[in-house]
Amino acid sequence: MARITAGVGCSHVPAIGVAMDTGNTKDAYWEPCFDGFEKSREWMKKANPDVVFLVYNDHCTAFDASCIPTFALGCAAEFHPADEGWGPRPVPVVKNHQKMSSHIAQSLILDEFDITIMNEMEVDHGLTVPLSVMFGEHGVDDEWPALVIPLCVNVVQYPPPTGNRCFNLGKAIRRAIESYEEDLNVVIFGTGGMSHQLQYKRAGLINQDFDTDFLNRLTTDPVGLSKMPHVEYLREAGSEGVEMVMWHIMRGALDDEVTEVHRHYHVPASNTAVGHIILENKKS
Amino acid sequence: MARITAGVGCSHVPAIGVAMDTGNTKDAYWEPCFDGFEKSREWMKKANPDVVFLVYNDHCTAFDASCIPTFALGCAAEFHPADEGWGPRPVPVVKNHQKMSSHIAQSLILDEFDITIMNEMEVDHGLTVPLSVMFGEHGVDDEWPALVIPLCVNVVQYPPPTGNRCFNLGKAIRRAIESYEEDLNVVIFGTGGMSHQLQYKRAGLINQDFDTDFLNRLTTDPVGLSKMPHVEYLREAGSEGVEMVMWHIMRGALDDEVTEVHRHYHVPASNTAVGHIILENKKS
Amino acid sequence: MGTRKDYDDIPGTYVFDADASREGYHLNQFCISMRLQKNRDEFNSDEAAYLDKFPMTAEQRQAVLDRDWNGMLALGGNIYYTSKLAANDGINFQQLAGIMTGMGQEKYRKMMLDGGRSPEGNRYQSEWDEKGES
Amino acid sequence: MGTRKDYDDIPGTYVFDADASREGYHLNQFCISMRLQKNRDEFNSDEAAYLDKFPMTAEQRQAVLDRDWNGMLALGGNIYYTSKLAANDGINFQQLAGIMTGMGQEKYRKMMLDGGRSPEGNRYQSEWDEKGES
Ligand SMILES: [Fe+3]
Ligand SMILES: [Fe+3]
């Protein structure tokens, strides 16, 4: 039986990808940011998942304004890194566990989640930056150490799905994964955030208190946290901070009780607060 | 305040469109089928809706196999009849109530339905045939007598949404419409069905008992009816008969108590049983 | 995963589920391309060359070339897709059903006029096995 | 419908909701087309001719030609779209923020290094009104 053993929360700031792709991770600006990922990469090697279920959002790359799915599940054999305007990132093609992803698609729909199935999709920094953060440097001709099932969430056009809906989707993803017969170790990523606003006169908003409270409550009060209304993210964490709803999907897929094994928080990466957490289900 | 006053259930057999477009509705094959629509067209004139909320499915026309949304809501200004392989149907362009459709999109997502927003979409016979059936002949340069908000449901790739999910979506659509400030009369269509199987060795299956029971229970036992598992549609009403799940969306948007004001049932139209019903909310 | 499916015992029916959809993806994408006149023209002038654009399996490709309509369904095709290839060939849904059922157009059309195929004896594979239908 | 929105009183912020998305559709579709090199080449060689392909309003078109980044947002643009036009111009997200905030690149960058813009005094429009910010 497949099972989810751990969850990773992780910002997916494009500049982090750029820093890695241009070899600048040791300069004064980036070093404190990347230092906090050392332990994550060690942890990831030990965790050694067969599959990463990766929750992220597309940033008007694979989806233009003509078609905006709330939840789009990637069911293609592979996903190519997209050209976001300055050429595709020099990272490996992302390979799916295609049979498992169709099983999950089917299970989620029968479980009354109205997902969109994607049999062809490019992936942007929202997906590839967390892979780079957690797996370290991998060139185009290399392979990612795990298969990846991408779930793409609309957080660009208001309203994104509610935190509560995301949390419950996490539970449904867990049911889907646990009903898959193959013996697989799955780690789920929730990405995006932390506080940031990229646009207009309030750009640059960072709310460390909010972010810290959010990271704390992921362990201590996940259900309560998932009830936060959208306007609170927008006001407190910036217009793009609402990406954090995606972390509830990750959290919903874990046990009620989890152990926080790593946390890293750093300001700034470009316009953004970088937040990162690793949560493990207690061994049974 | 906008309100839903009535619901229409209606097959959307492509051959019905072809018969109208080629002027064959009075021949021996088609006359008994079209006779049953006379009263519907009179009723429609009297009902005189401002907006038709039209639930249908795309038949691999607007959506190919690369992107399969469970529920896709049309939010574009207009929708052009698609070329399904023999040229577009010679019927008017379908015009949306765009402000209302974005209001509904927003309301449904906050109500935890994971819809896909379509800002560009062509529409196939699944949408235009019911309009032709209910509004009669209208040429390309004409206008449809009402604005149309299309909701496109996946019933091609198994599994479609459950009947229960569809019924509850109907309720959410009603809440969305009733929270829209403009004073509008809305009629909701559920389309597709009745029993039919288009493929392989069991093609031609027709189950009049099943269809009759389904039409009866729409009035007398809509909640119970919506719990029917998919396999029962597939087995009893044919592989394409599962389209009938879309009628639950229409039914869910109406009052618990409705009055059946018209029914028509005819076999065959091409490979299909034609079923049609008009249900009115009791006047308050 | 070889999971048993609750619709597997319906006779004479392919359910187009995620497994079929995965298997039939390129076949179905070819079929839907027949929706547009310029693609039909290109296909009709050189079928083999046009099919080279779609990385389907050799069996799927042969089923297309042979117009093996049931074969396409068995290989992950779906009727709404394959019907677009049929339309290109001037075959409508009812004629296609005549071919797929093996009844031929006239007999099939008459069955439909007489009320269609009854559900009696057509619900379970076991009923077909008893009748000796395959 | 002029419905009041619970996020309307957040200062210095456009929420890209369904109303904005409807208004900005063609503007955003133009911006996303800048994702591809061949479109960038075409746009850069004749901006006006390229913009003719997108039925946006005269105001939206002028905002694009003027690189009025805040104007584009006010007319239904979204930052993830407009940033693709900025990328074409060699402007990254942080530089763009320097422009949109009116702070300029250096001052903005320093604010971020110092921990970013505080939420204090930046939650409600009334707080900005008191400070005389617009
Ligand atoms: Fe993001
Ligand atoms: Fe249909």
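The values are calculated or read from the model by the stated rules, or taken from the named source; none is laboratory data. Note that the structure is a prediction, hence the values are computed from the model and not measured. Note that we place each Cβ from the backbone using ideal geometry, even for glycine, and neighbour counts take in every protein chain shown. Quick note on the areas: whole protein, heavy atoms, side chains included, nothing else; ligands and nucleic acids left out. Shrake-Rupley method; radii C 1.70, N 1.55, O 1.52, S 1.80 Å.
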Loop trypsin sites (Lys or Arg not before Pro), segment B:230-284 (other Cβ atoms within 10 Å of the site Cβ: 11 or fewer; DSSP): B:282, B:283
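Averaged over D:81-89, how many beta carbons belonging to a partner chain fall within 10 Å of each residue's beta carbon?
Working: counts 5, 3, 7, 6, 1, 1, 3, 2, 0.
Per residue, the number of nearby Cβ atoms from other chains is 3 on average.
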Take every Cα-Cα distance within segment C:18-92, group them into 10 Å bins from 0 onward, and report for each bin the whole-number percent of pairs it holds. 21, 61, 18, 0
Positive minus negative residues near residue A:139 (Lys, Arg vs Asp, Glu; Cβ under 13 Å): -4
Give the residue from B:97, B:272, B:147 lying farthest towards the positive end of the charge dipole for segment B:3-281; charges sit on Cβ (+1 for Lys and Arg, -1 for Asp and Glu) and the dipole is referred to the Cα centre. B:272
Once phi is turned into ³J(HN,Hα) by the Karplus curve 6.51 cos²θ - 1.76 cosθ + 1.60 with θ = phi - 60°, what whole-Hz value does each residue of segment C:5-11 show in order, with x for glycine and proline? 10, 5, 9, 5, 9, 7, x
In whole percent, what relative contact order does chain D give with Cα contacts below 8 Å and a gap of six or more residues? 30
How would you classify segment A:1-141 from its alpha-carbon gyration tensor, with a ≥ b ≥ c the square roots of the eigenvalues: rounded for a/c under 1.5, else prolate if a/b is greater than b/c, otherwise oblate? oblate
Of all DSSP beta bridges in the protein assembly as shown, antiparallel share, percent nearest 5: 50
Restricting to bridges with both residues inside chain B, how much of the DSSP beta-bridge set is antiparallel, in percent to the nearest 5? 50
Would you pull out the residues with amide H under 5 Å of residue A:195's amide H, same chain only if 5 or more places away, H placed 1.01 Å from N? A:207, A:273
Rounding to the nearest 10 and keeping the result within 0 to 90°, find how far the Cα-based axis of helix D:79-88 lies from the longest principal axis of chain D. 50
hull vol. (C-alpha, convex hull) per residue for segment A:207-274, Å³ -> 85
Estimated dipole of segment C:18-92 in Debye, rounded to 20 [Cβ of Lys and Arg +1, of Asp and Glu -1, Cα centre]: 280
Summing +1 for each Lys or Arg and -1 for each Asp or Glu, what net charge is found among the other residues whose Cβ lies under 10 Å from the Cβ of residue B:165? -3
May I ask you to list the aspartates and glutamates whose Cα is less than 14 Å away from that of residue A:95, ignoring any residue fewer than eight positions away on the same chain? A:50, A:78, A:120, A:122, A:141, A:142, A:143
Residue with peak Gaussian network fluctuation, chain A [Cα springs, cutoff 10 Å], from A:236, A:182, A:137: A:182
If all Cα-Cα distances of chain A are sorted into 5 Å bins from 0 onward, what percent lands in each bin, rounded to whole numbers? 1, 6, 13, 19, 21, 19, 13, 6, 1, 0, 0
Out of the total accessible area of chain A (probe 1.4 Å, heavy atoms of protein only), what percent is carbon and sulfur? 49
May I ask you to give the percent of accessible area on chain D that is carbon plus sulfur, with a probe radius of 1.4 Å? 48
For segment A:258-284, list residues with backbone N below 17 Å from a point placed 7 Å from the Cα of residue A:38 toward its Cβ? A:262-266
For a 19 Å ceiling on Cα separation, which of these pairs sit above it: A:171/A:282; B:26/C:107; B:46/B:283; A:201/A:227; A:201/D:131? B:26/C:107; A:201/A:227
Histogram of C-alpha separations across the protein assembly as shown, 20 Å bin width, %: 15, 47, 32, 6, 0
Over the C-alpha atoms of segment B:3-43, what are the Rg and the largest Cα-to-Cα span, Dmax, in Å? 12.1, 40
Cut-off 10 Å between beta-carbons: net charge of the residues surrounding residue D:101, Lys and Arg +1, Asp and Glu -1: +4
Net dipole in debye of segment A:3-269 [+1 Lys, Arg Cβ; -1 Asp, Glu Cβ; about Cα centre; nearest 20]: 500
Dividing the Cα convex hull volume of chain C by residue count, how many Å³ per residue is that? 126
Skipping prolines and chain starts, which residues have an amide H placed within reach, meaning under 5 Å, of the one on residue B:67, given they are 5 or more residues away or on another chain? A:119
